[in-house]
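K.L.:
Just passing along the structure, written as structure tokens.
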Amino acid sequence: MMRWTSPLALVAVAACQPPDIDGGFFNQVEVFVEPDAASTNAHYLAAIDDATESLHVALPNGDDPVIADALLRAWDRGVMVEVITDIDIADSAAIAPLVEAGLPTTLADDGVAYFDFNINTEVVFPSTSCLMSHSFLVADEQRIVAGSSWGRTDARQAVVYELAGEDLVTDLLLEHNQIFGGTDATTTTAYDANAKSITDFRWMYRTASGLDLDLWFGPQERLTKRIIDAIYGARSDVRVLTGAFFNEGLALALQDKVQWGVKVEFVVGSSFDPIDRDNRDIVADTPDVDWQQLDFDNPPTIVLIDYEDDPDGFRSRAKAIVLSHDLVSGPRLYRSEPVVSDQLIDGTLWGLGTSDGELPPEMLQLLDLFNDHLDQAVPL
């Protein structure tokens, strides 16, 4: 297990008053790269067992029954518990006991159907095309555990954040409350647009150490577009690790960067089938991208940007992105045809960034995580 701790400070402070560090004015973050599912889930289980007042839980996977036991114990001892999860895992070992016991649980992203007046036809997407991939837990409105994913029993490695801070708590609870109240990625307006609202105007949590933290929510804040934009902005190098992959726009961005002289390393999980017609087209459209494939699936999704010096010997602003779902998208209609987008996926994007000359340990350990997977991959 790799671990590094850094205080995150807010920019604004009350005039003439020193910040109250012990009172929660400062945000704090710890970053962990865990080797397996048990050690990943242990972070969330510890927060559940320590909670005394409330638990707001976003659980993307339901494989581990120990999670259900912990949540039910918390509920039995009087803790207010709210769980959001994907309806497609309602019968899983971690979710079915919660529903049966009556613990407050919202089964989200149950497909979407609406009548599109532009093409005069009904549009239907099944729940399997819609994902609730949020991966976080807020205990007692103070302690946050979040990251790439949790609740699995077969995962090899995962990224876990342990955080605290009033602004982070507020933003996560606003997102949680939308979905728990019934407004998820499949909720549309009368104009066939997504009904979820952006929770905050804040785009960065500044840090005293120079490390910046981003937090974005999908679909309303267009997570895969943010990744594509970050890739197009790269000046020296791009590293991408994902399990499943279906995103033509992102693949073309990688192809463009290779042609423009940027170093690109791309690793995909075993579920990507290059023989599939759509996948075959993506590979054919990216002849200069060196596709590397793992012999297993479900790695964490991470994107690393500009970790190295550019051709002029300068290092641009480095970025590290952790996404709570694979680089796939649920389709929506555009001019009567299904198009790949991220508009049917509830998810979380965590970003770290720095312009300092030395990369901080949090970002370096994500590079180690990528290299571990690259070493295990073979050419597609």
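The values are calculated or read from the model by the stated rules, or taken from the named source; none is laboratory data. Small disclaimer: the values here were computed from a predicted structure and weren't measured. Using ideal geometry, Cβ is built from the backbone for each residue, glycine included, and neighbour counts are taken over all protein chains shown.
K.L.:
So the check is Cβ under 9 Å with 6+ separation or different chains; which pairs have a first residue in region 303-320 that's on the phi > 0 side of the Ramachandran plot and without any contact (Cβ under 8 Å) to a residue 24 or more places away in the chain and a second one that's charged (D, E, K, R) and loosely packed, with under 14 Cβ neighbours inside 10 Å?
P.N.:
That search, which allows pairs on different chains as well, returns nothing.
K.L.:
Which ones in region 52-67 are surrounded by fewer than 23 Cβ atoms within 10 Å (Cβ to Cβ) and either of a type in the set (Gly, Ala, Ser) or at positive phi (or both)?
P.N.:
Listed by number, the list holds a single entry, SER54.
K.L.:
Given the criteria under 17 Å from GLU221 (Cβ atoms) and either in contact with a Pro (Cβ under 8 Å, 6 or more places away or on another chain) or touching a residue at least 40 places away in the same chain (Cβ under 8 Å) (or both), does ALA185 qualify? Working first, answer last.
P.N.:
On the way: under 17 Å from GLU221 (Cβ atoms): yes; either in contact with a Pro (Cβ under 8 Å, 6 or more places away or on another chain) or touching a residue at least 40 places away in the same chain (Cβ under 8 Å) (or both): yes.
Yes, satisfied.
K.L.:
Could you list, in sequence order, the residues of region 87-114 that are among the charged types (D, E, K, R) and in contact with a Cys (Cβ under 8 Å, 6 or more places away or on another chain)? If you could, list the steps in order and put the result at the bottom.
P.N.:
Step one: list which residues in region 87-114 are among the charged types (D, E, K, R), which gives 88, 91, 100, 109-110.
Matches in region 87-114: ASP109, ASP110.
K.L.:
So in region 280-320, with the set limited to residues that are among the aromatic types (Phe, Trp, Tyr) and over 20 Å from ASP356 (Cα atoms), which one is surrounded by the most Cβ atoms within 10 Å (Cβ to Cβ)? Show your work before the answer.
P.N.:
In the first step, residues of region 280-320 are kept if they are among the aromatic types (Phe, Trp, Tyr); the result is 291, 296, 307, 314.
Keeping just the survivors that are over 20 Å from ASP356 (Cα atoms) gives 291, 296.
On the way: TRP291: 18, PHE296: 15.
That would be TRP291.
K.L.:
Restricting attention to region 59-79, report how many residues are under 10 Å from GLY151 (Cβ atoms) and part of a loop (DSSP other than H, G, I, E, B).
P.N.:
So the answer is 5.
K.L.:
Now for a different question. Among the residues of region 200-221, what is the count of those that are part of a loop (DSSP other than H, G, I, E, B) and at pLDDT below 90? Let's see the steps before the verdict.
P.N.:
Residues of region 200-221 that are part of a loop (DSSP other than H, G, I, E, B), as a first pass: 200-204, 206-211, 219-221.
With at pLDDT below 90 added as a condition, the list becomes 200-204, 206-211.
So the count comes out to 11.
K.L.:
A follow-up question, please. Working carefully through the options ASN177, ASN194, find the one that is within 30 Å of PHE115 (Cα to Cα) and modelled with pLDDT of 95 or more. Step through it out loud before you land on a result.
P.N.:
Values: ASN194 fails: modelled with pLDDT of 95 or more.
Answer to the selection: ASN177.
K.L.:
In region 262-283, what count of residues is obtained for those that are modelled with pLDDT under 95 and among the small types (Gly, Ala, Ser)?
P.N.:
Taking region 262-283 and keeping what is modelled with pLDDT under 95, we get 271-283.
Restricting the remaining residues to those that are among the small types (Gly, Ala, Ser) gives 271.
So the count comes out to 1.
K.L.:
Also, I was wondering about something else. Can you give me the ranges of the strands (runs of 3 or more DSSP E) entirely in region 91-165 with at least 3 residues that are of a type outside the set (S, T, N, Q), modelled with pLDDT under 85 and more than 18 Å from the chain's Cα centre (by Cα)? Give the derivation first.
P.N.:
Working: elements: 105-108, 112-116, 121-125, 136-139, 143-147, 158-164.
Result: 112-116, 121-125.
K.L.:
Now a separate question. Condition (residue is touching a helix residue (DSSP H, G or I) at 6+ places or on another chain (Cβ under 8 Å), farther than 19 Å from LEU131 by Cβ and modelled with pLDDT under 95) applied to region 41-49: is it met by at least one residue?
P.N.:
no
K.L.:
Only one of (1) of a type in the set (Gly, Ala, Ser); (2) crowded, with 17+ Cβ neighbours inside 10 Å; (3) over 18 Å from the mean Cα position of the chain (by Cα) is not met by ALA195, so which one is it?
P.N.:
(2)
K.L.:
Restricting attention to region 274-298, which residues are in contact with a helix residue (DSSP H, G or I) (Cβ under 6 Å, 6 or more places away or on another chain) and either more than 24 Å from ARG156 (Cβ to Cβ) or free of Cβ contacts under 8 Å to residues at least 60 places away in the same chain (or both)?
P.N.:
Scanning region 274-298 gives ILE282, THR286, ASP288, VAL289.
Per-residue answers, yes or no, for (1) of a type in the set (S, T, N, Q); (2) closer than 15 Å to ALA234 by Cβ; (3) buried (at least 21 other Cβ atoms within 10 Å of the Cβ):
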{"position": "VAL268", "(1), (2), (3)": "no, no, yes"}
{"position": "VAL322", "(1), (2), (3)": "no, no, yes"}
{"position": "SER355", "(1), (2), (3)": "yes, yes, no"}
{"position": "PRO379", "(1), (2), (3)": "no, no, no"}
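K.L.:
Would you call GLN255 farther than 25 Å from MET132 by Cα, part of a strand (DSSP E or B) and touching a residue at least 24 places away in the same chain (Cβ under 8 Å)? First the steps, then the outcome.
P.N.:
Working: farther than 25 Å from MET132 by Cα: yes; part of a strand (DSSP E or B): no; touching a residue at least 24 places away in the same chain (Cβ under 8 Å): yes.
Answer is no for this residue.
K.L.:
Which members of region 357-370 meet the condition of being surrounded by 15 or more Cβ atoms within 10 Å (Cβ to Cβ) and closer than 17 Å to VAL238 by Cα?
P.N.:
Once the filter is applied, which keeps residues that are surrounded by 15 or more Cβ atoms within 10 Å (Cβ to Cβ) and closer than 17 Å to VAL238 by Cα, region 357-370 yields LEU359, MET363, LEU364, GLN365, LEU366, LEU367, LEU369, PHE370.
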